[in-house]
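Participant: This is the structure I want to talk about, given as structure tokens.
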Amino acid sequence: MTTVAAYAAPAPKAPLECTTIERRAVREFDVLIDIKFAGICHTDLHLVREGWGEAIFPLVPGHEIAGVVSEVGPGVTKYQVGDRVGVGCIVDSYRECDNCKAGQEQHCVRGAVQTYNGIGRDGEPTYGGYATHVVVDENFVVRIPDGLPLDAAAPMLCAGITTYAPLKQWGAGPGKKVAVVGLGGLGHVGVKIAHALGAEVAVLSQSLRKKDDGLKLGADHYYATSDPKTFEEVAGSFDLIVSTASAPLDLSAYLSLLKTGGALVNVGVPEEPITFHPFALIGGNKILAGSMIGGIPKTQELLDFCAEHASARRSSGSPPPRSTRRTSGCWRAMCGTGS
Ligand code: ZN
């Protein structure tokens, strides 16, 4: 066991405080990661507040981890000391079911092990990336390509994969009209990815307050959902809508914006149930779907995709990608444990 500095919420709704936690000793297939950046995800807030139900305390949030390998177990073959790596929302699964074998570890039938607020297969609670180090099995670590800055890579590990997976699954690309509901952490990443995939992208946001940001991120259109005219103007026009909203949505109204056979995919998780009338689905053979993060192979595919687009942007003279979400690599300094 190694004692490392971390930020933890000691109890539900309590502010995070600087403390120490124990990380397990590096086992045969483990890598020790020196954490450089950890994204701040809305899930962190939901769990500290127990908005989705009871959580495990003390709670160390953080499942958008980017860092550098500083030690490897004797059986590790995929990574070496010095490699740039990431860890997302899961750190293990049982690896026996069809889902695990298909690279959909997040849907492990016995339950994937969450990066924090989870119980590992060894029965110990898991602690997330608001810490100086983490120990993870190499099969749940992804490689961050050289072309991708670590701070920009971190948010891809939850927000990125959460939006990339449904955009890919439902065919976002050239000739497709895609709407992203909400321009928060998930939404802004979703807009960038949908744009990079070649789709025509619209943002559906409560107001026009973030319109300039949305257009800069790659949106072609921006609509205010507080304006009832929006729902007339874009009725029946989208192939795909990805909803990132964390507040309850009038699903019937949003389903009316789909083309025949179009899909509305929900990736946001409001704390209250949402209802809709089945006629909103039946007319036009609409699809209402969900999507939960992505497996390890899909997450690696996303990082490689981002690196390709980052280098394409650089060669076209655009500035290098930067995360616009808050990340911090300063846990050591903030915790007063030196650097
Ligand atoms: Zn997250």
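The values are calculated or read from the model by the stated rules, or taken from the named source; none is laboratory data. This one's a predicted model, so the numbers in the text were calculated from it and none came from an experiment. No Cβ is skipped: glycine too gets one built from the backbone with ideal geometry, and neighbour counts run over all protein chains shown.
Participant: For segment 199-235: of the residues being more than 23 Å from Gly173 (Cβ to Cβ) and touching a strand residue (DSSP E or B) at 6+ places or on another chain (Cβ under 6 Å), which is surrounded by the most Cβ atoms within 10 Å (Cβ to Cβ)?
Facilitator: Only one residue fits best here, namely Thr225.
Participant: Looking at the structure I just gave you, is Val203 assigned to a strand (DSSP E or B), closer than 25 Å to Gln104 by Cβ and away from the ligand (no atom under 16 Å from the Cβ)?
Facilitator: On the way: assigned to a strand (DSSP E or B): yes; closer than 25 Å to Gln104 by Cβ: no; away from the ligand (no atom under 16 Å from the Cβ): yes.
Against the criterion (assigned to a strand (DSSP E or B), closer than 25 Å to Gln104 by Cβ and away from the ligand (no atom under 16 Å from the Cβ)), Val203 does not qualify.
Participant: Only strands (runs of 3 or more DSSP E) wholly contained in segment 236-339 count here; list those with 2 or more residues that are modelled with pLDDT of 85 or more and farther than 28 Å from Cys108 by Cα.
Facilitator: Output list reads 238-243, 258-266.
Participant: Return a yes/no flag: does segment 153-169 have any residue that is within 15 Å of the chain's Cα centre (by Cα) and more than 16 Å from the ligand (Cβ to nearest atom).
Facilitator: yes
Participant: I'd like the residue in segment 64-82 that is small (Gly, Ala, Ser) and more than 23 Å from the chain's Cα centre (by Cα) and, out of all such residues, is nearest to Pro145 (Cα to Cα).
Facilitator: Result: Gly82.
Participant: Is it the case that some residue within segment 1-11 is modelled with pLDDT under 95 and surrounded by fewer than 21 Cβ atoms within 10 Å (Cβ to Cβ)? Please lay out each step first, then the result.
Facilitator: Our first condition is that a residue be modelled with pLDDT under 95; within segment 1-11, this holds for 1-2.
Pick out the ones that are also surrounded by fewer than 21 Cβ atoms within 10 Å (Cβ to Cβ) and you get 1-2.
Yes, there is a match, as at least one residue in segment 1-11 is modelled with pLDDT under 95 and surrounded by fewer than 21 Cβ atoms within 10 Å (Cβ to Cβ).
Participant: I need a count of the residues in segment 239-259 that are hydrophobic (A, V, I, L, M, F, W, C) and farther than 22 Å from Met292 by Cβ.
Facilitator: The total comes to 2.
Participant: Still on this structure: Does segment 114-133 include one or more residues that are of a type in the set (Ser, Thr, Tyr) and assigned by TED's automatic domain parsing to the domain that holds Ser256?
Facilitator: No, because not a single residue in segment 114-133 is of a type in the set (Ser, Thr, Tyr) and assigned by TED's automatic domain parsing to the domain that holds Ser256.
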